[in-house]
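**Q** Please read through the structure below; I'll follow up with questions.
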Amino acid sequence: GSGIFGGPGVSSSGLFDPSAAGAGLQTIRYTYTGTNGCSNYVEQTIQVNPTPIANAGPDKVVLEGGVVTLTPVLINGIPVTYSWTPAVGLNNPNIAAAVASPPDDITYTLTVTSDKGCTTSDQVFVQVLKKPSIPNIFSPNGDGVHDRWEIQYLSSYPGCTVDVYNRYGQLIFHSIGYGTPWDGTVNGKPVPIGTYYYIVDPKNGRSKMSGYVDVIR
């Protein structure tokens, strides 16, 4: 005669796939049929433990020195523990809603572990918006050194605005975002040597910044 296995998650060759069967108590049956047509079977149960699906939540943005709460999707229905790595800048790496204050951009990995030892992981990126560093002098003379008014870290502030005024209060430069730093020109012509005044609004939770910049050649 011959025998065959059957049941949830069982292939025709007799291999059991717990992911195909699903979580819970699964019953596998082995049926043997003799050449005389008589048959019998025996059953065995298999407990498939559920695997928690880790979801670290959306990426975050935080001002330098500020804090942001990580918001993973919580697992319901089965007991789980949460663990974040690395622990840099976290108030507690072993809770779901950890509070982060990292010194630099960082990617945290969330590992969710069930009470049966099943684990999955997911990652979240935290971008740290550092305070823009605004120089008060630059020299657009074409020598390749300080030819543009480079404002460090400002490019990481989406939607920021930069306005530059001459001594008469006339707006001579305006930019939304700062992907292309000011080159000391107005309508393609170099501005006169002198002092100019700026208002930089980083937005994204940071206050406006104002001051002066000297153009030299």
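**Q** Which condition from (1) part of a strand (DSSP E or B); (2) open to solvent by 40 Å² or more (accessible area, probe 1.4 Å); (3) more than 30 Å from Pro8 (Cβ to Cβ); (4) in contact with a Ser or Thr (Cβ under 6 Å, 6 or more places away or on another chain) is the one that Thr81 breaks?
**A** The one condition Thr81 does not meet is (3).
**Q** To continue, here is another question. What's the number of the condition Gly194 fails, among (1) more than 30 Å from Glu64 (Cα to Cα); (2) at pLDDT below 95; (3) open to solvent by less than 50 Å² (accessible area, probe 1.4 Å)?
**A** (2)
**Q** Scanning segment 197-209 for residues that are assigned to a strand (DSSP E or B) and without any contact (Cβ under 8 Å) to a residue 60 or more places away in the chain, which turns out surrounded by the most Cβ atoms within 10 Å (Cβ to Cβ)? I'd like the intermediate steps shown before the answer.
**A** First, the residues of segment 197-209 that are assigned to a strand (DSSP E or B): 197-201, 203, 206, 209.
Subsequent filtering for residues that are without any contact (Cβ under 8 Å) to a residue 60 or more places away in the chain retains 197, 199, 201, 203.
Details: Tyr197: 14, Ile199: 14, Asp201: 17, Lys203: 12.
So, considering only residues that are assigned to a strand (DSSP E or B) and without any contact (Cβ under 8 Å) to a residue 60 or more places away in the chain, the one surrounded by the most Cβ atoms within 10 Å (Cβ to Cβ) is Asp201.
**Q** The conditions are (1) open to solvent by 30 Å² or more (accessible area, probe 1.4 Å); (2) assigned to a strand (DSSP E or B); (3) within 30 Å of Pro79 (Cβ to Cβ), and Lys116 fails exactly one of them. Which is it?
**A** (2)
**Q** Next up: Quickly run through segment 34-68 and pick out the residues that are open to solvent by 60 Å² or more (accessible area, probe 1.4 Å) and among the β-branched types (Val, Ile, Thr).
**A** Once the filter is applied, which keeps residues that are open to solvent by 60 Å² or more (accessible area, probe 1.4 Å) and among the β-branched types (Val, Ile, Thr), segment 34-68 yields Thr35, Val42, Thr45, Thr51, Ile53, Val61, Val67.
**Q** Ok, one more. Between a residue in segment 136-147 that is exposed (fewer than 14 other Cβ atoms within 10 Å of the Cβ) and any residue that is assigned to a loop (DSSP other than H, G, I, E, B), which pairs come within a Cβ distance under 7 Å, given they are 6 or more apart or on different chains?
**A** Ile137/Ile216
**Q** Further question on the same structure: Consider Phe173 against the criteria (1) more than 21 Å from the chain's Cα centre (by Cα); (2) open to solvent by 50 Å² or more (accessible area, probe 1.4 Å); (3) farther than 29 Å from Gly65 by Cα: it satisfies all of them except one. Which criterion is unmet?
**A** (2)
**Q** Exactly one condition in (1) open to solvent by less than 30 Å² (accessible area, probe 1.4 Å); (2) in contact with a Gly (Cβ under 9 Å, 6 or more places away or on another chain) is false for Val73; which is it?
**A** So the condition that Val73 fails would be (1).
**Q** Is it the case, given these coordinates, that Gly14 is small (Gly, Ala, Ser) and either part of a strand (DSSP E or B) or closer than 30 Å to Gln127 by Cα (or both)?
**A** So Gly14 does not fit the description; no.
The values are calculated or read from the model by the stated rules, or taken from the named source; none is laboratory data. Note that the coordinates shown come from a computational prediction; the quantities given were computed from them, not determined experimentally. No Cβ is skipped: glycine too gets one built from the backbone with ideal geometry, and neighbour counts run over all protein chains shown. Accessible surface is based on the protein model in full, side chains and every heavy atom, while ligands, DNA and RNA are left aside. Shrake-Rupley method; radii C 1.70, N 1.55, O 1.52, S 1.80 Å.
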